[in-house]
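Taking it in order: structure first as structure tokens, then the write-up.
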Amino acid sequence: MASISLAPVNIFKTGADEEKAETARLSSFVGAIAIGDLIKSTLGPKGMDKILLSGGRDASVTVTNDGATILKSIGIDNPAAKILVDMSKVQDDEVGDGTTSVTVLAAELLREAEVLVSKKIHPQTIISGWRKATHTAREALLKAAVDHGSDEEIFRTDLLNIARTTLSSKLLTHHKDHFAKLAVDAVLRLKGSGNLDAIHVIKKLGGSLTESYLDEGFLLDKKIGVNQPKRIENAKILIANTGMDTDKIKIFGSRVRVDSTAKVAEIELAEKEKMKEKVERILKHGINCFINRQLIYNYPEQMFAAAGIMAIEHADFVGVERLALVTGGEIASTFDHPEMVKLGSCKLIEEVMIGEDKLIHFSGVAMGEACTIVLRGATQQILDEAERSLHDALCVLAQTVKDTRTVYGGGCSEMLMANAVTELANRTPGKESVAMDSFAKALRTLPIIIADNAGYDSADLISQLRAAHSEGKSTYGLDMQNGTIGDMACLGITESFLVKRQVLLSAAEAAEVILRVDDIIKAAPRKRVPDQHPC
């Protein structure tokens, strides 16, 4: 009879690594919980900021408390942690806010799962209980949602409250009334389209944050050409992406050999003639403003000036795309068929001063909802963080205009969902009820962290909040301005239903994915091959 070796058989390449069963699960838990602990101090209206210092020669400094910005800026090696980072990016892309909440909730779920797994409860039992708990929590959230979409006045108040709540955890918290009004006015101009490309944000150093304002038009941070008109009414705009330098011979590796300087002059003249023809073809479109993505050299610039045309060069790709959108034009690259080119239009183009800089102002554009928010601030870091904060508010408001349901913030919604899940656990026999209890505990951790970050006694506040909810005060939450519990409906602490729902579903799904893991296999690192052909 053949003997069977009991020695472990390695089926992987040399250098490959494998973590099995409990070791793999523990590695996943540790990585995900570490990510949650990293950013949980930024949660809530009294959350703290992080400084991110990039490496390299020109190291940049970023000061932020935005979960998605922090997570995508740090290098992570743990696979479970990478899942949470990707989840926060999806949350940011999907609804614009709640990136910290979703990561912290997923991490807290896994912290609870670690305890349950150590008690020999099978991961599939935990997942089954969590799924039922998620469904119940979602139903409770849906039941608590309020919809004022039919009443324009109350809905505008809801939007202002949502913007204030979103901005209260950001750098702009001390000026949240001012910026909430800016954001709501900008989003309501979109008339429900939700196309945030029509809202242009320009950052200008100088002044203070309170000097930021909403301009009902489009601002382009470029300069008008020399000796060209600085103001044009009833503008017909040709937006182009074409080379306006002298047309050089563009055959790769080609050389031109001449035997006298006269021949060089002939080549230069031929190039000039070619450019002159191109400018004449552009002028045949009957325009009075030409905007190019690329540079416009001196000779064509002089020709445009002589024709009384305003020419704007080097409008970067985003600027050109946005201009085409708001003026109703199309980006052209060839100019042989003027009748096929769709021109942009606006009532007035003029140069304006903001601080010490000149900008080009387009008013009365074809897309009436287009507007520009001009941000002022003392440092570049303040401006960058203000833009991120405002972007979150604009995204949440745009989503709320599409789905007008709202829920109460300040830990109120989490407590409601946790109570609903606890009731379900009390009715459920077997080990699944333990998993449901852990889900409710993870939901209650969010208001605990909010209170801790504000420096208040979280144990006292959360026990008061639980007692208030058990008495039927379902709109009560944490009032972090006064360090007490209060009625969120009276305080106007409102959040978007879509954001809260997305936080719940994304966190539960990500935690489930990580909990299912029982094996981590790492590929062998690539070997460095010495260069066979050194320079």
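The values are calculated or read from the model by the stated rules, or taken from the named source; none is laboratory data. Computed from a predicted structure; not experimentally measured. So basically every Cβ, Gly included, is an ideal-geometry build from the backbone, and we count neighbours across all protein chains shown. Please note that ligands, DNA and RNA were not included when accessible areas were found on the heavy atoms of the full protein model with its side chains. Shrake-Rupley method; radii C 1.70, N 1.55, O 1.52, S 1.80 Å.
Would you mind finding the one in 109, 116, 105 that is surrounded by fewer than 23 Cβ atoms within 10 Å (Cβ to Cβ), among the aliphatic types (A, V, I, L, M) and modelled with pLDDT of 90 or more?
116
Mind listing whichever residues of region 197-211 are within 20 Å of residue 319 (Cβ to Cβ) and either open to solvent by less than 50 Å² (accessible area, probe 1.4 Å) or modelled with pLDDT of 85 or more (or both)?
Going through region 197-211, the residues within 20 Å of residue 319 (Cβ to Cβ) turn out to be 197-205.
Correct list: 198, 199, 200, 201, 202, 203, 204, 205.
Please count how many residues of region 436-453 are over 21 Å from residue 480 (Cα atoms) and open to solvent by less than 10 Å² (accessible area, probe 1.4 Å).
4
Considering only region 356-365, I want to know if a residue exists there that is under 22 Å from residue 233 (Cβ atoms), outside any helix (DSSP H, G or I) and of a type in the set (Phe, Trp, Tyr). Walk me through it before giving the result.
Of the residues in region 356-365, the ones under 22 Å from residue 233 (Cβ atoms) are 358-365.
From what's left, outside any helix (DSSP H, G or I): 358-365.
After this cut, where a residue has to be of a type in the set (Phe, Trp, Tyr) as well, the list is 362.
The answer is yes, given that some residue of region 356-365 is under 22 Å from residue 233 (Cβ atoms), outside any helix (DSSP H, G or I) and of a type in the set (Phe, Trp, Tyr).
For region 140-166, which residues satisfy the criterion of being of a type in the set (D, E, K, R), within 23 Å of residue 417 (Cα to Cα) and surrounded by 15 or more Cβ atoms within 10 Å (Cβ to Cβ)? Please lay out each step first, then the result.
At the first step, the residues of region 140-166 found to be of a type in the set (D, E, K, R) are 143, 147, 151-153, 156, 158, 164.
The next check asks that each one be within 23 Å of residue 417 (Cα to Cα); those that pass are 143, 147, 158.
If the condition is that a residue be of a type in the set (D, E, K, R), within 23 Å of residue 417 (Cα to Cα) and surrounded by 15 or more Cβ atoms within 10 Å (Cβ to Cβ), then 158 is the only one that fits.
Select from region 36-71 the residues that are closer than 16 Å to residue 446 by Cα, open to solvent by less than 10 Å² (accessible area, probe 1.4 Å) and of a type outside the set (S, T, N, Q) and list them in ascending order. Steps first, answer last, please.
Quick first cut of region 36-71, residues closer than 16 Å to residue 446 by Cα only: 36-48, 67.
When the remaining residues are screened for being open to solvent by less than 10 Å² (accessible area, probe 1.4 Å), the result is 36, 39, 42, 67.
Result: 36, 39, 67.
Can you tell me which residues in region 492-528 are buried (at least 23 other Cβ atoms within 10 Å of the Cβ) and over 27 Å from the mean Cα position of the chain (by Cα)?
Across region 492-528, the qualifying residue is only 515.
Sort through 173, 210 and tell me the only one that's touching a Pro at 6+ places or on another chain (Cβ under 7 Å) and under 25 Å from residue 69 (Cα atoms).
On the way: 210 fails: touching a Pro at 6+ places or on another chain (Cβ under 7 Å).
One residue alone meets the criteria, 173.
Given the conditions (1) more than 23 Å from residue 219 (Cβ to Cβ); (2) open to solvent by 20 Å² or more (accessible area, probe 1.4 Å); (3) out of contact with any strand residue (DSSP E or B) (no Cβ under 8 Å at 6 or more places or on another chain); (4) touching a residue at least 12 places away in the same chain (Cβ under 8 Å), report the number of the one that residue 427 does not fulfil.
Result: residue 427 passes all but (4).
So is residue 487 open to solvent by 30 Å² or more (accessible area, probe 1.4 Å), over 30 Å from residue 151 (Cα atoms) and without any contact (Cβ under 8 Å) to a residue 40 or more places away in the chain or not? Spell out how you get there, then give the answer.
Numbers: open to solvent by 30 Å² or more (accessible area, probe 1.4 Å): yes; over 30 Å from residue 151 (Cα atoms): no; without any contact (Cβ under 8 Å) to a residue 40 or more places away in the chain: yes.
Judged against the criteria, residue 487 is not a match.
From (1) over 27 Å from residue 39 (Cα atoms); (2) open to solvent by 70 Å² or more (accessible area, probe 1.4 Å); (3) among the acidic types (Asp, Glu), pick out the condition that doesn't hold for residue 177.
The failed condition is (1).
Contact list please: Cβ distance under 8 Å, first residue in region 370-392 and assigned to a loop (DSSP other than H, G, I, E, B), second residue modelled with pLDDT of 90 or more and aliphatic (A, V, I, L, M), pairs at least six apart or on different chains.
none
Quick check on my filter: what residues within region 307-354 are open to solvent by 50 Å² or more (accessible area, probe 1.4 Å), farther than 16 Å from residue 241 by Cα and under 30 Å from the mean Cα position of the chain (by Cα)?
353, the sole residue that qualifies.
Can you go through 365, 396 and tell me which one is among the aliphatic types (A, V, I, L, M), open to solvent by 10 Å² or more (accessible area, probe 1.4 Å) and either modelled with pLDDT under 90 or out of contact with any Lys or Arg (no Cβ under 6 Å at 6 or more places or on another chain) (or both)? Steps first, answer last, please.
Working: 396 fails: open to solvent by 10 Å² or more (accessible area, probe 1.4 Å).
Answer to the selection: 365.
Could you list, in sequence order, the residues of region 462-475 that are in contact with a strand residue (DSSP E or B) (Cβ under 6 Å, 6 or more places away or on another chain), surrounded by 18 or more Cβ atoms within 10 Å (Cβ to Cβ) and either over 25 Å from residue 95 (Cβ atoms) or basic (Lys, Arg) (or both)?
465, 468
Residue 169: surrounded by 22 or more Cβ atoms within 10 Å (Cβ to Cβ) and either under 28 Å from residue 453 (Cβ atoms) or not charged (D, E, K, R) (or both), yes or no? Reasoning before the result, please.
Details: surrounded by 22 or more Cβ atoms within 10 Å (Cβ to Cβ): yes; either under 28 Å from residue 453 (Cβ atoms) or not charged (D, E, K, R) (or both): yes.
So residue 169 passes the test.
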